[in-house]
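**Student:** Provided herewith is a single structure, encoded as structure tokens, for subsequent inquiry.
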Amino acid sequence: MSENLALNLTRTAEANPEAIACKLDDAAFDYRLLDNASARIAGMLASKCIGEGDRVGIMLPNVPYFPAVYYAILRLGAVVVPMNVLLKGREVAYYLEDSGAQLLFAWHGFLEAAEQGAESVPARPVEVISVVPGEFEGLIFAHDPRGEVAERAGDDTAVILYTSGTTGKPKGAELTHCNLRRNVDIAVGLFDIDVGDIVFGGLPLFHSFGQTCTMNAAVRAGATITLLPRFDPGKALEILERDACTVFEGVPTMYGALLNHPDRAKFDTSSLRVCASGGSSMPVEVMRGFEEAFGCKVLEGYGLSETSPVASFNHPDRERKPGSIGTPIADTEMKLVDDGGDEVGPGEIGEILIRGHNVMKGYWERPEATAEAIDDDGWFRSGDMAKIDEDGYYFIVDRKKELIIRGGYNVYPREVEEVLYEHPAVREAAVVGMAHDEWGEEVGAAVALKDGESVSAEELQAFVKEQVANYKYPRRIWFVDELPKGPTGKILKREISPPD
């Protein structure tokens, strides 16, 4: 029996052809149209000799063309290589060369970087197909639809998803049809998504969270995705009210932006049924403030690109613990180990290891990196540090590589950030380590304040110092208008440094 992820679209289109699959402002596309467009794009790709196992890049924002192209590639048994639309030419070239992609779909607004990257791939031509609204439809409807879906085994690669590259050049995580299909089924169950639900589509679809939990989960359930190509809190509030969204999925900075928007109270968001957060740890004060303001519970979870991405969640039918990433999802194991690989007990800090159906096949053409990340027993080393309580709930402490060691004492930035977020003037905060001659590392904090608020660095220092051990409070605090963020809104600590 084929396990091709594309079957989720064909089956939904057969069962609910007139249900709206995706919206972008006033434009709406039902499942019959999405399936037909996907079949015709598959026909176009087949005419270009794209077949099973071939890699095809997608460099598109959150527009209806994204799912149409995505499922067309899978339909042929080919492999999707999603790419951030903000990549520059040299980065595009790296993704194309490393994956061996033969073709790239690129949004017309980012065509220059796409073409520059394609032309820079040595000794191998890469065709770029420009996606221009109006013109693209004429291009794909010139081809006969390829209705059949290629047979694929569960362990065949469906998507090569590149990691953020915080430890070097990005590596391609090979996610299989089984990885994704089972993770999608779990996401549908966690959020109880069904026909009639309206899922907010503000997470980038080229990213694992948006791809699995928003797009693929909605398609699996026959729900509607209402798309936002670039997150803006004011526009997001408009969409939540206009389309009566029932499911909101976002990263913590999105929740903070909605909570702190000056016109928040003017919008009716009472249709929200469930909110899910992932990508990074949500400050408890942001969670509490959002739930009070929007009247909707936030379920926080955890995962990585390498785990398709969901690994743990606060399950809706169990106790929800603020600040916790919950418990492992079905058929997934997690444990915490020390530097020697020995499992640690409740209350102790260790690195999260994950084993289950969601763990990637490996890193594309990097057997040594794969062996370093996944041991012989199938445990994936996450690089994230956490504690577990007596009830089996996990609490993220920080990235192992973001640990600050000050004078031999471990300082976990997450703990200090939680305190900073409790100050009424603070909108966002990021705690980072700074080189120091005497202590090895010193604790620093970049802080963005809420509109109209003011506080001095000394006052913030005193506020934090009252609540944490003396070695933990930030010796230097500086203020910024905005913290640097990646495509999902996740704060990029590697780009934060104190002003001279």
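Here's the yes/no breakdown for (1) over 23 Å from the mean Cα position of the chain (by Cα); (2) open to solvent by less than 20 Å² (accessible area, probe 1.4 Å); (3) under 30 Å from Ser99 (Cβ atoms):
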{"residue": "Gly326", "(1), (2), (3)": "no, yes, no"}
{"residue": "Glu343", "(1), (2), (3)": "yes, no, no"}
{"residue": "Gly350", "(1), (2), (3)": "yes, yes, no"}
{"residue": "Trp364", "(1), (2), (3)": "no, no, yes"}
{"residue": "Arg381", "(1), (2), (3)": "no, no, yes"}
{"residue": "Val397", "(1), (2), (3)": "no, yes, no"}
{"residue": "Arg414", "(1), (2), (3)": "no, no, no"}
{"residue": "Val426", "(1), (2), (3)": "yes, yes, no"}
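**Student:** Since Gly53 meets every condition but one in (1) of a type outside the set (Lys, Arg); (2) open to solvent by less than 10 Å² (accessible area, probe 1.4 Å); (3) at positive phi, which condition does it not meet?
**Tutor:** If we test Gly53 against (1) of a type outside the set (Lys, Arg); (2) open to solvent by less than 10 Å² (accessible area, probe 1.4 Å); (3) at positive phi, just (2) comes out false.
**Student:** Related question: Take the conditions modelled with pLDDT of 95 or more and part of a loop (DSSP other than H, G, I, E, B) and apply them to Asp185. Does it pass?
**Tutor:** Values: modelled with pLDDT of 95 or more: yes; part of a loop (DSSP other than H, G, I, E, B): no.
For Asp185, the condition - modelled with pLDDT of 95 or more and part of a loop (DSSP other than H, G, I, E, B) - is not met.
**Student:** While we're here: Out of all the residues in the range 466-493, which are among the hydroxyl-bearing types (Ser, Thr, Tyr) and surrounded by fewer than 18 Cβ atoms within 10 Å (Cβ to Cβ)? Can you show your working first?
**Tutor:** Initially, the range 466-493 is screened for residues among the hydroxyl-bearing types (Ser, Thr, Tyr), giving 471, 473, 488.
Once the filter is applied, which keeps residues that are among the hydroxyl-bearing types (Ser, Thr, Tyr) and surrounded by fewer than 18 Cβ atoms within 10 Å (Cβ to Cβ), the range 466-493 yields only Tyr471.
**Student:** How do the strands (runs of 3 or more DSSP E) wholly within the range 192-277 filter down when requiring 3 or more residues that are touching a residue at least 40 places away in the same chain (Cβ under 8 Å): which remain?
**Tutor:** On the way: elements: 198-201, 224-227, 247-250, 274-277.
Passing ranges, in order: 198-201, 224-227, 247-250.
**Student:** A further question on this structure: Can we say Ala330 is part of a helix (DSSP H, G or I) and open to solvent by less than 70 Å² (accessible area, probe 1.4 Å)?
**Tutor:** Values: part of a helix (DSSP H, G or I): no; open to solvent by less than 70 Å² (accessible area, probe 1.4 Å): yes.
The answer is no for Ala330.
**Student:** How many residues does the range 380-401 hold that are outside any strand (DSSP E or B) and within 16 Å of Ile329 (Cβ to Cβ)?
**Tutor:** Number of matching residues: 2.
**Student:** Taking Ala217 and the conditions (1) farther than 28 Å from Ala106 by Cβ; (2) buried (at least 24 other Cβ atoms within 10 Å of the Cβ), which numbered condition does it fall short on, given that it satisfies the others?
**Tutor:** (1)
**Student:** Let me ask something additional. Would you be able to say whether some residue in the range 217-230 is at pLDDT below 95 and either touching a Pro at 6+ places or on another chain (Cβ under 6 Å) or within 30 Å of Gly57 (Cβ to Cβ) (or both)?
**Tutor:** Yes, that holds for at least one residue.
**Student:** Taking the range 146-175, which residues are open to solvent by 10 Å² or more (accessible area, probe 1.4 Å) and in a strand (DSSP E or B)?
**Tutor:** Correct list: Thr157, Tyr162, Glu174.
**Student:** Would a scan of the range 448-465 turn up a residue that is in contact (Cβ under 8 Å) with a residue 60 or more places away in the chain, assigned to a loop (DSSP other than H, G, I, E, B) and surrounded by fewer than 18 Cβ atoms within 10 Å (Cβ to Cβ)?
**Tutor:** Here is the first cut: in the range 448-465, the residues in contact (Cβ under 8 Å) with a residue 60 or more places away in the chain are 450-451.
From what is left, the residues that are assigned to a loop (DSSP other than H, G, I, E, B) are 450-451.
Retained after the next criterion (residues that are surrounded by fewer than 18 Cβ atoms within 10 Å (Cβ to Cβ)): 450-451.
Yes, that holds for at least one residue.
**Student:** To continue, here is another question. Within the set of pairs 6 or more residues apart or between chains, which connect a residue that is of a type in the set (Gly, Ala, Ser) inside the range 34-55 to a residue that is in a helix (DSSP H, G or I) with Cβ atoms less than 6 Å apart?
**Tutor:** Ala37/Ala68; Ser38/Ala68; Ser38/Tyr71; Ser38/Ala72; Ala42/Ala72; Ala42/Arg75
**Student:** Further question: Evaluate the following for Ser120: is it open to solvent by 20 Å² or more (accessible area, probe 1.4 Å), of a type in the set (Gly, Ala, Ser) and in contact with a Gly (Cβ under 9 Å, 6 or more places away or on another chain)? Steps first, please.
**Tutor:** Numbers: open to solvent by 20 Å² or more (accessible area, probe 1.4 Å): yes; of a type in the set (Gly, Ala, Ser): yes; in contact with a Gly (Cβ under 9 Å, 6 or more places away or on another chain): yes.
Answer is yes for this residue.
**Student:** From the residues in the range 85-144 that are assigned to a helix (DSSP H, G or I) and of a type in the set (S, T, N, Q), which one is modelled with the highest pLDDT? Show your work before the answer.
**Tutor:** Residues of the range 85-144 assigned to a helix (DSSP H, G or I): 89-99, 108-119, 135-140.
Add one more test, that the residue is of a type in the set (S, T, N, Q), and what stays is 99, 116.
Values: Ser99: 98, Gln116: 95.
Among those residues, the one meeting the criterion is Ser99.
**Student:** How about the range 1-47: which of its residues are farther than 17 Å from Pro145 by Cβ, open to solvent by less than 40 Å² (accessible area, probe 1.4 Å) and touching a Lys or Arg at 6+ places or on another chain (Cβ under 8 Å)?
**Tutor:** If the condition is that a residue be farther than 17 Å from Pro145 by Cβ, open to solvent by less than 40 Å² (accessible area, probe 1.4 Å) and touching a Lys or Arg at 6+ places or on another chain (Cβ under 8 Å), then Ser2, Leu5, Asn8 are the ones that fit.
**Student:** Looking at Val63, Val69 in this structure, which one is farther than 13 Å from Leu9 by Cα, open to solvent by less than 40 Å² (accessible area, probe 1.4 Å) and in contact with a strand residue (DSSP E or B) (Cβ under 8 Å, 6 or more places away or on another chain)? Explain how you work it out, then say what you get.
**Tutor:** Details: Val69 fails: farther than 13 Å from Leu9 by Cα.
Just one listed residue meets the conditions, Val63.
**Student:** Looking only at the range 428-447, which residues are open to solvent by 50 Å² or more (accessible area, probe 1.4 Å) and not hydrophobic (A, V, I, L, M, F, W, C)?
**Tutor:** Narrowing the range 428-447 to residues open to solvent by 50 Å² or more (accessible area, probe 1.4 Å): 435-439, 441.
Across the range 428-447, the qualifying residues are His436, Asp437, Glu438, Glu441.
**Student:** Continuing with this model, one more query. Assess whether Leu9 counts as being closer than 20 Å to Val195 by Cα, in a loop (DSSP other than H, G, I, E, B), in contact (Cβ under 8 Å) with a residue 40 or more places away in the chain and hydrophobic (A, V, I, L, M, F, W, C). Please lay out each step first, then the result.
**Tutor:** On the way: closer than 20 Å to Val195 by Cα: yes; in a loop (DSSP other than H, G, I, E, B): no; in contact (Cβ under 8 Å) with a residue 40 or more places away in the chain: yes; hydrophobic (A, V, I, L, M, F, W, C): yes.
So Leu9 fails the test.
The values are calculated or read from the model by the stated rules, or taken from the named source; none is laboratory data. Remember, predicted model here, so these are calculated numbers, not experimental data. Using ideal geometry, Cβ is built from the backbone for each residue, glycine included, and neighbour counts are taken over all protein chains shown. Each accessible area value is taken on the protein alone, full model and side chains, heavy atoms only, with ligands, DNA and RNA left out. Shrake-Rupley method; radii C 1.70, N 1.55, O 1.52, S 1.80 Å.
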